[in-house]
């Protein structure tokens, strides 16, 4: 009795197919039996495949159609509210949120439809350049850490002429775009405040805690830190020394050609940056050394006004 | 903003650590830079020509934040100005420092302009006349420090544009300008 091609037959056929395709360049003699199985087995496999492909295609088409509809609606929406998106920071933030939810990033490319439609890529690029500029201008006063709120205020002052206000959300987005520069820009949370770091130092938990403590008076003393955190004096002094110096050069750099031309000035500055985040003060009559943190106490907005 | 007379003080003047010399090089450079500018600005607007590091000087302490510059700090800031040619120690002991908000060369140019404007070429003036005479009223020369004036005149003499000679009274000298 002749065996019909069952599971075993199919498996043999599959194996033969693999074998024959992998060695198709060299003409191997195929036994008459396996050749017969191949002839019988193929159409059946094709049928399965065809049905499967068909289902997948229908699904994809449907998905594509839905996406197209959605995209066109999102575009309509964007077109209709173009002015609101441009002028109104709250509206802009909500638009971003909506886009994020459906996985569209209007900032993904400067050349894409979104950028063309809204000019929104340019908007954040420009914002990024201005943020870099402000960080640069205030760095000698704050050591490269600036309060997000303050940054935003300075940014608004600078953009007064354009009459487009910007929100903290916009700042955050623009800073996010600046991440291509390597480990340069970062937003860190210290207590309730958000600080923008434009120096190549990674601040650890100890540093963060000290910065948070400094927010109360603008300064800390070694005694205060030890009492508050129950640290050994070595630990407190170590952390403070680092904050005074802050000159670590980041380990990973992008090749210099990857840096947009307009940011080169900043980039070189970034490489040579040595100023500390803290300043010492030995002038108090109690004789205790105070460590001041311009980023939390010395108003950079005022400092920036001075040319 | 805090003021000294009609002089507007910069913000860093109210920030205590700027009164302590900073140990970190770059931070200190920035600090020295700010102080240099402040001293020059203040002296220029208030017509101060001489600062003694050991004497009282309005910029050297800020009662509002209860801080004052240590002697070392004063010496560092003034020496930085000296290095740039914007100040000169009068004595080796560094007790007095001339603040040159105009360089000697610039003072010399001022004098030449004054001479030209008033037609004193080939004329004779006493040093005191240049400093406090009627003709110099309203010019930068009026009330200027005698030591600096003498330095400027000596520079002009060196260039052959003036001749200094002893005047009739013992403590005044005369200058003859050549056209």
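The values are calculated or read from the model by the stated rules, or taken from the named source; none is laboratory data. Since the model is a prediction, treat every value here as computed from it, not as a measurement. For neighbour counting, all protein chains shown are included, and Cβ atoms are generated from backbone atoms with ideal geometry for every residue, glycine included.
What the table shows:
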item	result
Test for residue B:84: is it more than 18 Å from residue B:39 (Cα to Cα) and either out of contact with any helix residue (DSSP H, G or I) (no Cβ under 8 Å at 6 or more places or on another chain) or modelled with pLDDT of 90 or more (or both)	no
Some residue of segment A:213-233 being at pLDDT below 80 and over 21 Å from residue A:138 (Cβ atoms)	yes
Inter-residue pairs, beta-carbon under 6 Å, first at the interface with another protein chain (Cβ under 9 Å from one of its Cβ atoms) and in segment B:60-79, second part of a loop (DSSP other than H, G, I, E, B), 6+ apart	B:67/A:283
Of all residues making up segment A:135-194, the number that are surrounded by fewer than 20 Cβ atoms within 10 Å (Cβ to Cβ), over 20 Å from residue A:277 (Cβ atoms) and at pLDDT 80 or above	9
Segment A:274-293 - residue that is closer than 21 Å to residue A:198 by Cβ and more than 7 Å from chain B (Cβ to nearest Cβ) and, of those, surrounded by the most Cβ atoms within 10 Å (Cβ to Cβ)	A:278
Residue check for residue B:108: within 23 Å of residue B:52 (Cβ to Cβ) and not assigned by TED's automatic domain parsing to the domain that holds residue B:54	no
Entirely in segment B:32-140, the helices (runs of 4 or more DSSP H) that have 3 or more residues that are out of contact with any strand residue (DSSP E or B) (no Cβ under 8 Å at 6 or more places or on another chain) and over 27 Å from residue B:18 (Cα atoms)	B:104-117, B:127-132
Any hit, segment A:112-121, residues being buried (at least 16 other Cβ atoms within 10 Å of the Cβ), within 17 Å of residue A:175 (Cβ to Cβ) and at pLDDT below 70	yes
Close pairs (7 angstrom Cβ cut-off, 6 or more residues apart or separate chains): within 13 Å of chain B (Cβ to nearest Cβ) in segment A:236-254, surrounded by fewer than 20 Cβ atoms within 10 Å (Cβ to Cβ) and at pLDDT below 60 anywhere	A:247/A:274
Matching option when the condition is assigned by TED's automatic domain parsing to the domain that holds residue B:36 and without any contact (Cβ under 8 Å) to a residue 60 or more places away in the chain, among B:95, B:166	B:95
Extreme residue, farthest from residue A:240 (Cα to Cα), among residues of segment B:1-20 that are in a loop (DSSP other than H, G, I, E, B) and within 9 Å of another protein chain (Cβ to nearest Cβ)	B:1
Any hit, segment B:40-49, residues being more than 19 Å from the chain's Cα centre (by Cα) and closer than 26 Å to residue A:294 by Cα	no
Conditions (1) away from chain A (no Cβ under 12 Å); (2) surrounded by fewer than 21 Cβ atoms within 10 Å (Cβ to Cβ); (3) in contact with a helix residue (DSSP H, G or I) (Cβ under 8 Å, 6 or more places away or on another chain): number failed by residue B:23	(1)
Scan of segment B:26-57 for residues that are farther than 11 Å from residue B:99 by Cβ, in contact (Cβ under 8 Å) with a residue 40 or more places away in the chain and buried (at least 18 other Cβ atoms within 10 Å of the Cβ), ordered by number	B:32, B:35, B:53
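Residue-by-condition table, conditions (1) farther than 18 Å from residue A:174 by Cβ; (2) modelled with pLDDT of 80 or more; (3) surrounded by fewer than 12 Cβ atoms within 10 Å (Cβ to Cβ):
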residue	(1), (2), (3)
A:43	yes, no, yes
A:46	yes, yes, yes
A:56	yes, yes, yes
A:71	yes, no, no
A:78	yes, no, no
A:83	yes, no, yes
A:86	no, no, no
A:94	no, yes, no
